[in-house]
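**Student:** Take a look at this one; I'll ask things after.
The values are calculated or read from the model by the stated rules, or taken from the named source; none is laboratory data. Fair warning: this is a prediction, and the values are worked out from it, not measured in the lab. Cβ atoms come from the backbone with ideal geometry, glycine included; neighbour counts cover every protein chain shown. Calculation scope for accessible area: heavy atoms of the full protein, side chains included, ligands and nucleic acids excluded. Shrake-Rupley method; radii C 1.70, N 1.55, O 1.52, S 1.80 Å.
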Amino acid sequence: MAECHPVGFRWVMEAKRRGATIIHVDPRFSRTSAVADLHVPIRAGSDIVFLGALVRHVIESERYFREYVVEYTNAPAIVDRRFRDTEDLDGLFSGWDPERRSYDNESWQYEGQAVPPAARDSETFTGEAHSERATQTGHSHRDPTLQDPRCVFQILRRHFARYTPEMVQDACGVSPEAFGRVADALCDNSGRERTSAFCYAVGWTQHSVGVQYIRTAAILQLLLGNIGRPGGGIMALRGHASIQGSTDIPTLYNLLPGYLPMPKAPMDGSFEEYVATHGATGGWWANFPKYAVSFLRAWWGEAATGENGWCFDHLPRLTGDHSHMTTVAEMAEGKVRGYFVMGENPTVGSMNGALHRTALRKLDWLVVRDFRPTETAEFWRDAPEIARGEVRTEDIDTEVFFFPCAAHTEKAGTFTNTQRLLQWRERAIDPPGDCRSELQFMHALALRMKKLYAESSEMKDRPIQDLVWDYPTHGPHDEPVAEAVVAEISGYRMEDRAPVSGFSELADDGSTACGCWIYSGSYAGGVNQAARRRPRTEQSWVAPEWGWAWPANRRILYNRASADPEGRPWSDRKAYVWWDEEAGAWTGHDVPDFIQGRAPWYRPPEGATGVDLISGTDPFVMQADGKAWLYAPTGILDGPLPTHYEPRESVMENPLYGQQCNPARMEWHRADNPYHRAVDDPRFPYLITTYRLTEHHTAGAMSRWLSWLSELQPEMFCEVSPELARERGLTHGGWATITTARAEIEARVMVTARMTPLRVRRRVVHTIGLPYHWASQGLVRGDSTNELIPFVADPTVSIQESKALTGTIAPGRRSRAGARR
Amino acid sequence: MSPPARGDGDGAKGFFTDTTVCIGCKACETACKQWNQLPDDGMAFAGMSYDNTGELGASTWRHVAFVETATEGLGEDAGRDGLAWLFSSDVCKHCERAGCLENCPTGAIVRTEFGGVYVQPDVCNGCGYCIVGCPFGVIDRRDEDGRAWKCTLCYDRTKDGQEPACAKACPTDSIQYGDVEELKARAQERLATLHERGATETYLYGAGEDGQPGTGGLNAFFLLAAEPERYNLPPDPVAPARKAGQAWAAAGIAGLATAAAMLGAVLTRGRGR
Amino acid sequence: MSGAPDDGRNVDPRLGALTGEAAGQAPRGRGAPPPQAPPVEDGGSPTYYERPVIKAPVWKRSIAAYFWLGGAAGAAATLGAVAQLAAPVELRGLVVSCRRVTAVAGAASTAILIDDLGRPERFLNMLRVVRPSSPMSVGAWVLAGLGSACAPAVALAGAGGRLGRAGDVAGLAAGALGMPLAGYTAVLLNNTVVPVWYATHRTLPPFFVASGTVAATGLLELTRLSAPERRVVHRLGVAARVADLLTARAVEREAGRVERVARPLRDGASGALWRASSGMVGASLALGLLPRRARAARRAGAVLGALGSLAARVAIVQAGVRSARDPRATFELQRAGLGGASATGRAAVSGPGGRRATD
Ligand SMILES: Nc1nc2c(c(=O)[nH]1)N[C@H]1C(S)=C(S)[C@@H](COP(=O)(O)OP(=O)(O)OC[C@H]3O[C@@H](n4cnc5c(=O)[nH]c(N)nc54)[C@H](O)[C@@H]3O)O[C@H]1N2
Ligand SMILES: Nc1nc2c(c(=O)[nH]1)N[C@H]1C(S)=C(S)[C@@H](COP(=O)(O)OP(=O)(O)OC[C@H]3O[C@@H](n4cnc5c(=O)[nH]c(N)nc54)[C@H](O)[C@@H]3O)O[C@H]1N2
Ligand code: SF4
Ligand code: SF4
Ligand code: SF4
Ligand code: SF4
Ligand code: SF4
Ligand SMILES: [Mo]
């Protein structure tokens, strides 16, 4: 975190100043480890064992927050008797379909009750169960004593029973002592009086089981009662300055703004079907139609009417997986003709650079918007295969358009940070030369397209014709007024365009428009809430008047859980939000995350519908059952509980199950994406992990062109332990060549004790550490790490596995030809 | 003219750099280069941990040192218990007795109203005498230019009531800018806390005349966690002018003795061919 | 700037421009690439990747010649003045030779100094202020003073009457500044943080004065002199050579208080040159003591002495550069109590580790 979120890390240091204990679990000793109280070196790819063992420790030593667990989580819920655990099936859950290489999650459901996932992804939820659902929240079959062998709690216990400290030693290379210190620190600092927080980023996510890493942490935090309470939580330290914003208002193929699902063929034929599939008659998502209709009205305005299903048919339908790597693989098959690359440098940042360039060569046209021609824009004249003479520029037909872009300081707008906080940014200076903002580019493009299709009478062109595009502009280049976009996203009343105060005002009758329901209220009262800058010294410690956080300016989600079932704070020390009896309202330091005025002892009456179904003790309102999920009956494709699987390419066998890797992982079997043997490939005996350096930014176009940053880390290097250096004859400051089946790259050698050989299962695992910031352009140049890494991905969110793979290293520079193995 | 200008007393401003909260992000080094529009020092892999700029110099006025301390028993699964990675952001110390200033024959180096030691570029004649006058190897001559350059204590910012760029950029307040006397008090507090928590190896470097008599104390002082040598700081630096008296005396005596010898030679020359 | 694009997102070539009166003079660079040190350092006393802790002097090599000429000019000026006072008539020839030597050497040294500074007017900056704390400032004034006194002294050397007397007054003035000129260059080196220079406060100035006198007598012996004048110069020369050899050993001993500091005088190129200088001075002394000296031998002795003196200056400057590049020289000097502690009489070595014994 110190390496990659130094500004956020200031608060960690502030906490440390005040006596907090900082623990860093990471294969390498980084800048974060340097200031942590305890650094635990762990084998890359083994964290689920480590976290699972913590779960086991918390359960077996009875350190869990019982009242919280019983009342606020699905621990008591009874699970369908057809369910089988990985313990029973040696690494598989029930419902595995070997042909489709995926799970049917029917047997994972609660007894007699099917629920949809909070994120409305219907791929994992079959509509049938609807009728059963939503007659109530909570669970029809539950055991508050947590004794029933089929209750979630007992299933969880059995699931992690073999995740012992000894197993941690075997799988992670972490000594039982070190594990013990972490376990004690965590437990001692959790409960009524104290809370602990987890911070993670891509060291946890970039695995073929990435999602389950986070799930394990979530289970742990729920057992300890650290969710929805001050000082608790799981902080996803996001990436690019507004990557959170680009998930809320998504650049993701399967989501619409506010996590509304992209309609899919065939089940989302009509708007009614769409609402039926993804909405709910009970629980928070009973509001689904309000958000969906307001969204469609924002896009197609008056053209969207009840008769035409609010122009629902203007939206395309998903026919399958269009995630990044899948799309690129299809591009390499010639199935994609045009490609917009805006704010990305995929031939360097994404896996298997060579495969990426192969795909680009198959395009008719490529648009790149960046500061200056990146490796992606230059792929046709500057690439390893061209240097090797395998590809000739003259043979590449792709037409490349390059547009210089404005930097974040050169345009106004918001960043949405890790904490869901929208912060407004003024334009500091004008962009140089022809550089333009994305807003300006998109605006100009939209106007041209509308002009282009104005005369068309074809149905397929209606979405463009009907699109509301009335943003005011300013300046010599007709820069759209960014506030106007915020206002649209925040929402307004159709008749007078008066801003709504929040999503509670949104309606399903078309009287309101809102670009993104979770951002509703960010322009409440016609005020740009994100631009608020009241110093923390002039307001409460929660600082509600600095920027604006979604939803409804809440700084901590599910904060109803910071109070006990009766609505009293769990402790004075950790008081945050509570029930005020006189006022008959929820109050506290933050905006309460609960239905206002709903008393703790409220229980849904017979026949209640919609949000009335949410009881006074259901803090997790977005979940259909109002409870936090220790066990996920749906929503996750590779299992209801996290299970340790080895990376696709591993240095050891799975110590826990016969099933070596995640059975549901995504793979791309093609000649230009070769894989190593899953275990102990003799050619590739070492573990490779990759990471960032504070001095550079990701694929490097923002830092490799800047002298002030380039001089700080001028050359691509690899980090190895003195032991590995001895074993392979590597000399500090000299050159080394790192090789996988995909490619070979060269790097300077940094021999450092910060890299640690780990003893797992009576053998030693050596790790090669590789930053991935260099490539062939810029002030400082070097080989690109991602030439080495294959396409492999997690099934649920299709994130690549770039944190753990195998390879080998040898002294000296690579063959100038750079021939592939 | 003499005694040379001193920085202490009323309202001298300076830095307290608490290296125990430094995360080695180099924001200070970069912010300094940006504010002062300084060029890079070349793009070479130095192999000095994560430090590739090496030292303070004519075009690097803030420099972050990366110290990897040796560990006992390196060896397979020996663990890395002794391992520590220390960061420290070094800068011109704006000494109370500034060797550079005292050595400068042209008066190019002056003491500003903020107690900072400032080189006036339009007066400097590039004689280079300040460079060997600095006990910390801070000030240096820019090759393409011939004049001496170093940290200005952001005179151009502090004049406008802004804090120096490096301190402004530091995310963890490892660099604290302010009134030297006040900073010293704060540093003592911090040190006490650290010692309470068992970090007894920590100490203040250059805080006040008592802390560093040779320089009369530093307006930019440090809280360190290992021997000064590890950070490339001298253990007991001194402004050389403090010994000049002895040298002048020796020169004087030698001069008189030689003159006497000359007289002797003249008087005993004898007569005739 | 390694070709960073000028799009306002990097070093701004305008803002970053090095302008102003003193800009645009480029002495030769010292672009030594950073050493590559192992991340885990060996048993030796800790340093920061063996990097120098102080900056080496940036002066050109010619600075040594400047010191040498200054010494010769200074000694000659004083000798001339002494002779003029004691035996104005009989030693007139010597007086005039002294003034000539002073003038030539002084002019040459000034030329070298200016060359090192880059541009002539830079020298005038030296005369902006008087800064007693800066030997270079003092020296600049001494050099200027001596130069301006010496010029008329030479010009009017032949003249008689008023003008002649004016010249004599100027000669005396120059003579008064002679010893300071010979001695200040040593103080200039003492007054730095370069260990081998800093650690020789008591001995370097006497050595420079003696060595300067050796140079002066050597040069004078090459001029045409009367017999008594020759005897004066010869006797002074012998004394000066003896003093040179003795003070040189004293310099070694003073530096040797910390073994690491004295190293550049013991080994390496600087050490060799240092020994060679004493060798030459010793040889010239021996030649000087030969009975019934042949003219050739006498000249040889004179040249050897002058060269020995020059070699010593070069050796001292080189030793300084080496000393500055060796961080342990500085560290051990200070750990041995010869840093701030000895200068202020207040012991304070920072941080853990306390004081480390050195020899
Ligand atoms: N300076 C700088 N800041 C950045 C970025 C940058 O490029 N430069 N990038 C931004 C972006 S896009 C993102 S996504 C974030 C990423 O922020 P981080 O996730 O912090 O970045 P990484 O360095 O990729 O990975 C973090 C750590 O994960 C460790 N790691 C690798 N494998 C494993 C494993 O299996 N288990 C565990 N526990 N740790 C493992 C690595 O050793 C590394 O130290 O940073 C953002 N901030
Ligand atoms: N081996 C390995 N590979 C990884 C990772 C890893 O940890 N290990 N991390 C992965 C992660 S988390 C990420 S996010 C990716 C990042 O990979 P990429 O996103 O492909 O790489 P970036 O360099 O972040 O690309 C951002 C580009 O946007 C440009 N840019 C900046 N501001 C603007 C703007 O305002 N407008 C426009 N149009 N362009 C702009 C920058 O110049 C830069 O070229 O890398 C991934 N790849
Ligand atoms: S670059 Fe921006 S996002 Fe990253 S740490 Fe610095 S301020 Fe935060
Ligand atoms: S540290 Fe060096 S440059 Fe800075 S004031 Fe002191 S002597 Fe001068
Ligand atoms: S180089 Fe410039 S600043 Fe340094 S001493 Fe000479 S004149 Fe003064
Ligand atoms: S004070 Fe200004 S000049 Fe000095 S280091 Fe900080 S930023 Fe650079
Ligand atoms: S900015 Fe602060 S934390 Fe970062 S390196 Fe400099 S001093 Fe350390
Ligand atoms: Mo990222």
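**Student:** Restricting the stretch A:762-774 to residues that are more than 10 Å from chain B (Cβ to nearest Cβ) and among the hydrophobic types (A, V, I, L, M, F, W, C), which is farthest from ligand 8 (Cβ to nearest atom)?
**Tutor:** A:ILE768
**Student:** Also, quick follow-up: Just to check your reading of the model, which residue among A:GLU719, A:GLU715, A:GLU723 is more than 16 Å from ligand 7 (Cβ to nearest atom), acidic (Asp, Glu) and more than 9 Å from every other protein chain (Cβ to nearest Cβ)? Lay out the reasoning, then the answer.
**Tutor:** Numbers: A:GLU715 fails: more than 9 Å from every other protein chain (Cβ to nearest Cβ); A:GLU723 fails: more than 9 Å from every other protein chain (Cβ to nearest Cβ).
Of the residues listed, the single one that is more than 16 Å from ligand 7 (Cβ to nearest atom), acidic (Asp, Glu) and more than 9 Å from every other protein chain (Cβ to nearest Cβ) is A:GLU719.
Okay, residues lined up against (1) among the hydroxyl-bearing types (Ser, Thr, Tyr); (2) within 16 Å of ligand 3 (Cβ to nearest atom):
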| site | (1), (2) |
| --- | --- |
| B:VAL117 | no, no |
| B:CYS134 | no, no |
| B:TYR155 | yes, no |
| B:LYS168 | no, yes |
| B:ASP179 | no, no |
| B:LYS184 | no, no |
| B:ARG190 | no, no |
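**Student:** Looking at this structure, is C:ALA176 surrounded by fewer than 24 Cβ atoms within 10 Å (Cβ to Cβ), without any contact (Cβ under 8 Å) to a residue 40 or more places away in the chain and of a type in the set (A, V, I, L, M)?
**Tutor:** For C:ALA176, the condition - surrounded by fewer than 24 Cβ atoms within 10 Å (Cβ to Cβ), without any contact (Cβ under 8 Å) to a residue 40 or more places away in the chain and of a type in the set (A, V, I, L, M) - is not met.
**Student:** I would also like to ask the following. What about C:THR102, is it away from every other protein chain (no Cβ under 12 Å) and open to solvent by 10 Å² or more (accessible area, probe 1.4 Å)? Can you show your working first?
**Tutor:** Working: away from every other protein chain (no Cβ under 12 Å): yes; open to solvent by 10 Å² or more (accessible area, probe 1.4 Å): no.
Considered against the rule, which asks whether it is away from every other protein chain (no Cβ under 12 Å) and open to solvent by 10 Å² or more (accessible area, probe 1.4 Å), C:THR102 comes out as no.
**Student:** Looking at the structure I just gave you, is C:ALA297 assigned to a helix (DSSP H, G or I), open to solvent by 10 Å² or more (accessible area, probe 1.4 Å) and more than 19 Å from B:VAL132 (Cα to Cα)? Let's see the steps before the verdict.
**Tutor:** On the way: assigned to a helix (DSSP H, G or I): yes; open to solvent by 10 Å² or more (accessible area, probe 1.4 Å): yes; more than 19 Å from B:VAL132 (Cα to Cα): yes.
It is true that C:ALA297 is assigned to a helix (DSSP H, G or I), open to solvent by 10 Å² or more (accessible area, probe 1.4 Å) and more than 19 Å from B:VAL132 (Cα to Cα).
**Student:** Only one of these conditions is not met by A:GLU193: (1) more than 21 Å from A:ASP590 (Cβ to Cβ); (2) open to solvent by 50 Å² or more (accessible area, probe 1.4 Å); (3) modelled with pLDDT of 95 or more. Which number is it?
**Tutor:** Unmet for A:GLU193, out of (1) more than 21 Å from A:ASP590 (Cβ to Cβ); (2) open to solvent by 50 Å² or more (accessible area, probe 1.4 Å); (3) modelled with pLDDT of 95 or more: (1).
**Student:** In the stretch A:788-818, which residue that is within 15 Å of ligand 2 (Cβ to nearest atom) and of a type in the set (Val, Ile, Thr) is most open to solvent (accessible area, probe 1.4 Å)?
**Tutor:** Initially, the stretch A:788-818 is screened for residues within 15 Å of ligand 2 (Cβ to nearest atom), giving A:788-794, A:797-807.
So of that shortlist, the ones also of a type in the set (Val, Ile, Thr) come out as A:789, A:792, A:797, A:799, A:806.
Values: A:ILE789: 2, A:VAL792: 3, A:VAL797: 84, A:ILE799: 40, A:THR806: 2 Å².
The extreme case among them is A:VAL797.
**Student:** Another one. How about the stretch C:200-281: which helices (runs of 4 or more DSSP H) wholly inside it have at least 1 residues that are closer than 30 Å to C:GLU90 by Cα and open to solvent by less than 10 Å² (accessible area, probe 1.4 Å)?
**Tutor:** Working: elements: C:204-221, C:227-255, C:259-266.
Once the helices (runs of 4 or more DSSP H) in the stretch C:200-281 are filtered for at least 1 residues that are closer than 30 Å to C:GLU90 by Cα and open to solvent by less than 10 Å² (accessible area, probe 1.4 Å), what remains is C:204-221, C:227-255.
**Student:** Only residues in the stretch A:1-29 that are of a type in the set (Asp, Glu) count as the first member; pair them with residues that are open to solvent by less than 50 Å² (accessible area, probe 1.4 Å), Cβ under 6 angstrom, at least 6 apart or cross-chain, and list the lot.
**Tutor:** Once the first residue is of a type in the set (Asp, Glu) and sits in the stretch A:1-29, its partners that are open to solvent by less than 50 Å² (accessible area, probe 1.4 Å) give A:GLU3/A:SER30; A:GLU3/A:ARG31; A:GLU3/A:THR694.
**Student:** So A:ALA664 clears everything in (1) in contact with a helix residue (DSSP H, G or I) (Cβ under 8 Å, 6 or more places away or on another chain); (2) among the aliphatic types (A, V, I, L, M); (3) modelled with pLDDT of 95 or more except one condition, right? Which one?
**Tutor:** (1)
**Student:** Another question, if that's okay. With (1) outside any helix (DSSP H, G or I); (2) closer than 30 Å to A:PHE402 by Cβ as the list, and A:VAL348 as the residue in question, which single condition is left unmet?
**Tutor:** Checking A:VAL348 against (1) outside any helix (DSSP H, G or I); (2) closer than 30 Å to A:PHE402 by Cβ, the one that fails is (1).
**Student:** Another question, if that's okay. Taking into account only those residues within the stretch A:762-782 that are of a type in the set (Gly, Ala, Ser) and part of a loop (DSSP other than H, G, I, E, B), which is surrounded by the most Cβ atoms within 10 Å (Cβ to Cβ)? So that I can check it myself, show each step before the final result.
**Tutor:** Residues of the stretch A:762-782 that are of a type in the set (Gly, Ala, Ser), as a first pass: A:769, A:775-776, A:778, A:782.
Filter once more, keeping what is part of a loop (DSSP other than H, G, I, E, B): A:775-776, A:778, A:782.
Numbers: A:ALA775: 30, A:SER776: 19, A:GLY778: 23, A:GLY782: 23.
The extreme case among them is A:ALA775.
**Student:** So for the stretch A:18-27 (the condition being more than 14 Å from chain B (Cβ to nearest Cβ) and within 16 Å of ligand 1 (Cβ to nearest atom)), does at least one residue qualify?
**Tutor:** First, pick out the residues of the stretch A:18-27 that are more than 14 Å from chain B (Cβ to nearest Cβ): A:23, A:25.
With within 16 Å of ligand 1 (Cβ to nearest atom) added as a condition, the list becomes A:23, A:25.
Within the stretch A:18-27, one or more residues are more than 14 Å from chain B (Cβ to nearest Cβ) and within 16 Å of ligand 1 (Cβ to nearest atom).
**Student:** Only residues that are basic (Lys, Arg), in a loop (DSSP other than H, G, I, E, B) and within 14 Å of chain C (Cβ to nearest Cβ): list them for the stretch B:126-172, please. Outline the logic, then answer.
**Tutor:** Within the stretch B:126-172, the subset basic (Lys, Arg) is B:141-142, B:147, B:150, B:157, B:159, B:168.
Imposing the further condition that a residue be in a loop (DSSP other than H, G, I, E, B) reduces the set to B:142, B:147, B:150, B:159.
Once the filter is applied, which keeps residues that are basic (Lys, Arg), in a loop (DSSP other than H, G, I, E, B) and within 14 Å of chain C (Cβ to nearest Cβ), the stretch B:126-172 yields B:ARG142, B:ARG147, B:LYS150.
**Student:** Please go through the stretch B:71-95 and pick out each residue that is more than 8 Å from every other protein chain (Cβ to nearest Cβ) and modelled with pLDDT of 95 or more. Lay out the reasoning, then the answer.
**Tutor:** Start the filter on the stretch B:71-95 by keeping residues that are more than 8 Å from every other protein chain (Cβ to nearest Cβ), which leaves B:72-73, B:78, B:81-82, B:88-95.
Answer for the stretch B:71-95, where residues must be more than 8 Å from every other protein chain (Cβ to nearest Cβ) and modelled with pLDDT of 95 or more: B:SER88, B:SER89, B:ASP90, B:VAL91, B:CYS92, B:LYS93, B:HIS94, B:CYS95.
**Student:** To continue, here is another question. Restricting to the stretch B:232-266, what's the tally of residues that are within 7 Å of chain C (Cβ to nearest Cβ), farther than 30 Å from C:GLY212 by Cβ and open to solvent by less than 10 Å² (accessible area, probe 1.4 Å)?
**Tutor:** From the stretch B:232-266, those within 7 Å of chain C (Cβ to nearest Cβ) are B:232, B:234-238, B:240-244, B:246-248, B:250-251, B:254-255, B:258-259, B:261-263, B:265-266; that's our starting set.
Among the residues that remain, those that are also farther than 30 Å from C:GLY212 by Cβ are: B:232, B:234-237.
Retained after the next criterion (residues that are open to solvent by less than 10 Å² (accessible area, probe 1.4 Å)): B:234-237.
Of the residues in the stretch B:232-266, 4 are within 7 Å of chain C (Cβ to nearest Cβ), farther than 30 Å from C:GLY212 by Cβ and open to solvent by less than 10 Å² (accessible area, probe 1.4 Å).
**Student:** Given the structure, is A:PHE441 assigned to a strand (DSSP E or B), away from ligand 6 (no atom under 16 Å from the Cβ) and in contact with a Phe, Trp or Tyr (Cβ under 8 Å, 6 or more places away or on another chain)?
**Tutor:** Values: assigned to a strand (DSSP E or B): no; away from ligand 6 (no atom under 16 Å from the Cβ): yes; in contact with a Phe, Trp or Tyr (Cβ under 8 Å, 6 or more places away or on another chain): yes.
So A:PHE441 does not fit the description; no.
**Student:** Here's another thing I want to ask about it. Return the pairs, sorted by first residue and then second, in which the second residue is in a loop (DSSP other than H, G, I, E, B) and within 15 Å of ligand 6 (Cβ to nearest atom), the first residue lies in the stretch B:105-124 and is over 21 Å from B:ASP160 (Cα atoms) and without any contact (Cβ under 8 Å) to a residue 24 or more places away in the chain, the beta carbons are less than 7 Å apart, and the residues are 6+ apart or on different chains.
**Tutor:** Cβ pairs passing all conditions: none.
**Student:** Need the failing condition index for C:SER148 against (1) touching a residue at least 40 places away in the same chain (Cβ under 8 Å); (2) open to solvent by 20 Å² or more (accessible area, probe 1.4 Å), just the number.
**Tutor:** Evaluating C:SER148 over (1) touching a residue at least 40 places away in the same chain (Cβ under 8 Å); (2) open to solvent by 20 Å² or more (accessible area, probe 1.4 Å) leaves (1) as the failure.
**Student:** In the stretch A:553-570, how many residues are over 13 Å from A:GLY191 (Cα atoms) and assigned to a helix (DSSP H, G or I)? Show your work before the answer.
**Tutor:** Step one: filter the stretch A:553-570 for residues over 13 Å from A:GLY191 (Cα atoms), giving A:553-560, A:565-568.
Filter again for assigned to a helix (DSSP H, G or I), leaving A:559-560.
Counting residues in the stretch A:553-570 that are over 13 Å from A:GLY191 (Cα atoms) and assigned to a helix (DSSP H, G or I) gives 2.
**Student:** To continue, here is another question. What helices (runs of 4 or more DSSP H) completely inside the stretch A:1-113 contain at least 1 residues that are under 24 Å from A:CYS187 (Cα atoms)? Can you show your working first?
**Tutor:** Values: elements: A:6-17, A:31-35, A:47-60, A:66-72, A:86-89.
In the stretch A:1-113, A:6-17, A:31-35, A:47-60, A:66-72 are the helices (runs of 4 or more DSSP H) which contain 1 or more residues that are under 24 Å from A:CYS187 (Cα atoms).
**Student:** Are any residues in the stretch A:329-338 without any contact (Cβ under 8 Å) to a residue 40 or more places away in the chain, farther than 12 Å from A:ARG357 by Cβ and not acidic (Asp, Glu), and if so, which ones?
**Tutor:** Step one: filter the stretch A:329-338 for residues without any contact (Cβ under 8 Å) to a residue 40 or more places away in the chain, giving A:330-331, A:333-338.
Okay, now just the ones that are also farther than 12 Å from A:ARG357 by Cβ, so A:330, A:333-338.
A:GLY334, A:LYS335, A:VAL336, A:ARG337, A:GLY338 - these are the residues of the stretch A:329-338 that are without any contact (Cβ under 8 Å) to a residue 40 or more places away in the chain, farther than 12 Å from A:ARG357 by Cβ and not acidic (Asp, Glu).
**Student:** Tell me, which residue of the stretch B:28-70 that is at the interface with another protein chain (Cβ under 7 Å from one of its Cβ atoms) and either in a strand (DSSP E or B) or within 19 Å of A:VAL35 (Cα to Cα) (or both) is modelled with the lowest pLDDT?
**Tutor:** B:ALA70
**Student:** May I ask you to verify whether A:THR785 is within 28 Å of A:PRO722 (Cβ to Cβ), crowded, with 24+ Cβ neighbours inside 10 Å and either within 16 Å of ligand 4 (Cβ to nearest atom) or modelled with pLDDT under 95 (or both)? Give the derivation first.
**Tutor:** Numbers: within 28 Å of A:PRO722 (Cβ to Cβ): yes; crowded, with 24+ Cβ neighbours inside 10 Å: yes; either within 16 Å of ligand 4 (Cβ to nearest atom) or modelled with pLDDT under 95 (or both): no.
No, not satisfied.
**Student:** Still on this model: Within the stretch A:9-22, restricting attention to residues that are more than 13 Å from ligand 7 (Cβ to nearest atom) and in contact with a strand residue (DSSP E or B) (Cβ under 9 Å, 6 or more places away or on another chain), which residue is most open to solvent (accessible area, probe 1.4 Å)?
**Tutor:** Filtering the stretch A:9-22 for residues that are more than 13 Å from ligand 7 (Cβ to nearest atom) and in contact with a strand residue (DSSP E or B) (Cβ under 9 Å, 6 or more places away or on another chain), the one most open to solvent (accessible area, probe 1.4 Å) comes out as A:THR21.
**Student:** Sort out which residues of the stretch A:752-761 are more than 9 Å from chain B (Cβ to nearest Cβ) and open to solvent by 10 Å² or more (accessible area, probe 1.4 Å), and write them in order of number.
**Tutor:** Result: A:ARG761, single match.
**Student:** Of the residues in the stretch B:165-193, how many are on the phi < 0 side of the Ramachandran plot and either within 16 Å of ligand 8 (Cβ to nearest atom) or open to solvent by 20 Å² or more (accessible area, probe 1.4 Å) (or both)?
**Tutor:** 16
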